[in-house]
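Beneath this line is the structure, given in structure tokens, with notes to follow.
The values are calculated or read from the model by the stated rules, or taken from the named source; none is laboratory data. Everything numeric in this text was worked out from a predicted model, so none of it was measured. Just so you know, the surface numbers come from the protein's heavy atoms only, side chains and all, with ligands and any DNA or RNA stripped out. Shrake-Rupley method; radii C 1.70, N 1.55, O 1.52, S 1.80 Å.
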Amino acid sequence: VSFDDADSVRDAKDEATLLAKAVLAKFMTEGIKSDEEINRLVNETKSKTGAGEANVKKELVERLKTLRNSSQALLRGVMPLGDCYTKGKEVRVTVGVKPQTINAAGNLAGSITDSVASQPTPTSGTVAPATAAPTPAPSGSVRTPSQGVDSHSNTERLKNF
């Protein structure tokens, strides 16, 4: 976190959440591929002159080893469980998944699909695009960007997961 303001902390939290989900995807589906290739190029030249014979051989051996790591997964049911912020240093986020959250996400996706199938969404511009409303400050407190954001730890969802 470069600055102790709400925007920087929120950006760091978003980045930490994506990184946590990427680590989970890597755990679930990591694939490693190793390729090894050897190319050998030989250039031989023979020449004869009146004075004698000359042989020249040039050989080039190229060895290439490539290691690749990739991961891709559909993360249905992954939930943010907790986060903490150390003032001026870092944001950490914990995500988790369990059979119940996977089932809940699947049921929700199925319900949305069924709803759209029975009552399609209009495709003409009749619906205004959603805009994000600013998050109100907790009652009784007013925070300006110059005040910064205090360190905090939010682990209630983690305890109940």
Please state which of the following conditions N107 fails to meet, knowing it meets all the rest: (1) closer than 30 Å to D5 by Cα; (2) modelled with pLDDT of 85 or more; (3) open to solvent by 60 Å² or more (accessible area, probe 1.4 Å).
(1)
Collect the residues in region 32-76 that are open to solvent by 100 Å² or more (accessible area, probe 1.4 Å) and not in a strand (DSSP E or B), keeping them in residue-number order.
A51, Q72, L74, R76
Scanning for something open to solvent by 100 Å² or more (accessible area, probe 1.4 Å) and aliphatic (A, V, I, L, M), does region 8-21 turn up at least one residue?
yes
